[in-house]
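Following: one structure in C-alpha cells, then a few remarks.
The values are calculated or read from the model by the stated rules, or taken from the named source; none is laboratory data. Note that the structure is predicted; figures quoted are calculated from it, not measured. Quick reminder, even Gly has a Cβ in these numbers, built from the backbone with ideal geometry, and neighbours come from all protein chains shown.
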Ligand SMILES: Cc1ncc(COP(=O)(O)O)c(C=O)c1O
C-alpha cells in the first residue's frame, strides 16, 4: 500500500523534475540558509524563537561536553542519568505546569513509548483525526482499540464518549497546536468531557511549548489549567531549538513510566550537549519570551496578510504557523517549486502526512529572521500570488 503511494509520488516527482524532500542544507539556521548550494529564506524550520543558532546555547552545549563528554554511552536507567538530566526533569515539568517529567531522545520516541506502556487491553484511545504520526504510530504500536474524532470537534468526541461504556479506561489523545494546521485544540472543553466521562487527556504540546501562553509555557498556561491530571508530551527540537522529547504528568504516572517504558530504559540517554543546550534555552525562554514573542507573531501576521491579499486559501490559525490548503499533490508540489524557484524554502505536506487531496504547504517565520528578510518573503509571496492567477 505505502509502496504503491511511493511509486506514484516518485513517478510524479520524476516527471516534473523537482523533489522538495531531503534537500541538503549546507549552513546553520541563520537569516538565510544554503540549500543545495542556493540561498533561501527559511520558512520551513520549527525554529519559532530563532534560538537554533544562539551563541549562548551553543556555549552551554560545549560546556556540557567539556564536563560530561560527548556521550554517557548508557541508558538512563543504568549509567546515562547525569545530574543535569535529573535537574532538567524537574525544571521542565515545573515550566509546563506538571509535577514531574521524563526526557527521551525524541518526542517521537516518547509518544510511541507512552501508549505502548500506559494503555492496557480493555482500554480505548480516542484521538483527533489530524493527530501527529508519533501519536498515531504509538497508538498502533500499543495494539489497543482506538477511534478517531473529527478535527477539534468536541460534539463528535462526546458522541464517541457516550457510546464508549464498555472499557476499563478511556484516553483522549490530541495535539495542542496542530503542526500542519496551526489550529489549537479546545483543551478547556475537552477537559470538561474528560471529567464527565472519566477519561484521561494525552496532549502533545510540541508546537505549543515556547510558542503559546503568556510566558511561552505552552498549552496549560494558554488555557490557565492548574493541577493537570492528564499526560503532557512535547518535543524540545522546535521552539526549544535542541532535541529530545518529554512526558510530564503526576508523580505516580511518571514513576511507573520511568521503570517500564522500554523506549526510555533501553535507549542511550540524550546527550550531555543536548541537555546543556535545553537548560540554557529554558533560561532564555523564561527571561526573554515576551520580547521574542512580539517578533514571532508580527512576522506570522505579515506573511498571513500577504497570503490573504494574494487570495491563497489559508487555514486561520492562532499559532505562528501559516498553512496553505494546496489540496492535490500536483498543486502542492508545483506551488512548492514556485516558492523554491523564487527563494522561499517552505514545507509541503502530502499523503500520508495529510489525507489525500487535503495537502498543505506550511510557512513558519522564526524570530531570528530580520525585518528586511520578512519584507523580501512578503514580496516573493506577492509575486507568486500574481503569477498564480
Ligand atoms: C506534533 C508533534 N509531535 C511529535 C513530534 C516528534 O518530535 P521529535 O522531533 O522530538 O521526535 C513532532 C515533530 O515533527 C510533532 O510535530
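Considering every residue within segment 278-291, establish whether at least one is within 15 Å of the ligand (Cβ to nearest atom) and under 21 Å from the mean Cα position of the chain (by Cα). Within segment 278-291, one or more residues are within 15 Å of the ligand (Cβ to nearest atom) and under 21 Å from the mean Cα position of the chain (by Cα).
Listed residues 124, 118, 102; which is buried (at least 20 other Cβ atoms within 10 Å of the Cβ), within 16 Å of the ligand (Cβ to nearest atom) and either in contact (Cβ under 8 Å) with a residue 12 or more places away in the chain or farther than 30 Å from residue 144 by Cβ (or both)? Walk me through how you get there before you give the answer.
On the way: 124 fails: within 16 Å of the ligand (Cβ to nearest atom); 118 fails: within 16 Å of the ligand (Cβ to nearest atom).
The match here is 102.
Taking every residue in segment 46-63 that is under 11 Å from residue 237 (Cα atoms) and pairing it with any residue that is part of a loop (DSSP other than H, G, I, E, B) and modelled with pLDDT under 95, at least 6 positions away or on another chain, the pairs with Cβ-Cβ distances below 9 Å are 46/179. Here residue 149 clears all of (1) more than 18 Å from residue 353 (Cα to Cα); (2) touching a strand residue (DSSP E or B) at 6+ places or on another chain (Cβ under 9 Å); (3) more than 16 Å from the ligand (Cβ to nearest atom) except the condition numbered (1). The residues of segment 160-183 that are touching a strand residue (DSSP E or B) at 6+ places or on another chain (Cβ under 8 Å) and away from the ligand (no atom under 16 Å from the Cβ), listed by number, are 160, 161, 164, 167, 169, 170, 171.
Within segment 24-60, being assigned to a strand (DSSP E or B) and surrounded by fewer than 21 Cβ atoms within 10 Å (Cβ to Cβ) holds for 25, 32, 33, 34, 35, 38, 39.
Given the condition at positive phi and surrounded by 19 or more Cβ atoms within 10 Å (Cβ to Cβ), answer yes or no: does some residue in segment 181-189 qualify? Please lay out each step first, then the result.
Taking segment 181-189 first, the residues at positive phi are 182.
Cutting the leftovers down to surrounded by 19 or more Cβ atoms within 10 Å (Cβ to Cβ) gives us 182.
For segment 181-189, residues at positive phi and surrounded by 19 or more Cβ atoms within 10 Å (Cβ to Cβ): present.
Can you find a residue in segment 105-115 that is farther than 26 Å from residue 223 by Cα, within 16 Å of the ligand (Cβ to nearest atom), in contact (Cβ under 8 Å) with a residue 12 or more places away in the chain and not in a helix (DSSP H, G or I)? Yes - at least one qualifying residue is present in segment 105-115. Scanning segment 329-360 for residues that are in contact with a strand residue (DSSP E or B) (Cβ under 9 Å, 6 or more places away or on another chain) and not in a helix (DSSP H, G or I) yields a total of 15. Scanning segment 292-318 for residues that are touching a residue at least 60 places away in the same chain (Cβ under 8 Å), more than 20 Å from the chain's Cα centre (by Cα) and outside any helix (DSSP H, G or I) yields 310, 311, 312. Keeping to segment 276-297, report how many residues are within 14 Å of residue 364 (Cβ to Cβ) and surrounded by fewer than 21 Cβ atoms within 10 Å (Cβ to Cβ). Result for segment 276-297: 2. Taken over segment 73-99, the criterion of being touching a helix residue (DSSP H, G or I) at 6+ places or on another chain (Cβ under 7 Å) and more than 16 Å from the ligand (Cβ to nearest atom) is satisfied by 75, 76, 77, 82, 84, 85, 91, 95, 97, 99. The conditions are (1) over 17 Å from residue 49 (Cβ atoms); (2) modelled with pLDDT of 95 or more; (3) surrounded by fewer than 19 Cβ atoms within 10 Å (Cβ to Cβ), and residue 304 fails exactly one of them. Which is it? With respect to (1) over 17 Å from residue 49 (Cβ atoms); (2) modelled with pLDDT of 95 or more; (3) surrounded by fewer than 19 Cβ atoms within 10 Å (Cβ to Cβ), residue 304 is out only on (3). Among the conditions (1) surrounded by fewer than 22 Cβ atoms within 10 Å (Cβ to Cβ); (2) at pLDDT 95 or above; (3) within 16 Å of the ligand (Cβ to nearest atom), residue 214 misses just one, which is (3).
Scanning segment 249-274 for residues that are in a helix (DSSP H, G or I) and exposed (fewer than 15 other Cβ atoms within 10 Å of the Cβ) turns up 251, 252, 255, 256, 259, 260, 262. Tally the residues that are in contact with a strand residue (DSSP E or B) (Cβ under 8 Å, 6 or more places away or on another chain), under 28 Å from residue 59 (Cβ atoms) and away from the ligand (no atom under 11 Å from the Cβ), restricting the search to segment 217-264. Total meeting the criteria: 2.
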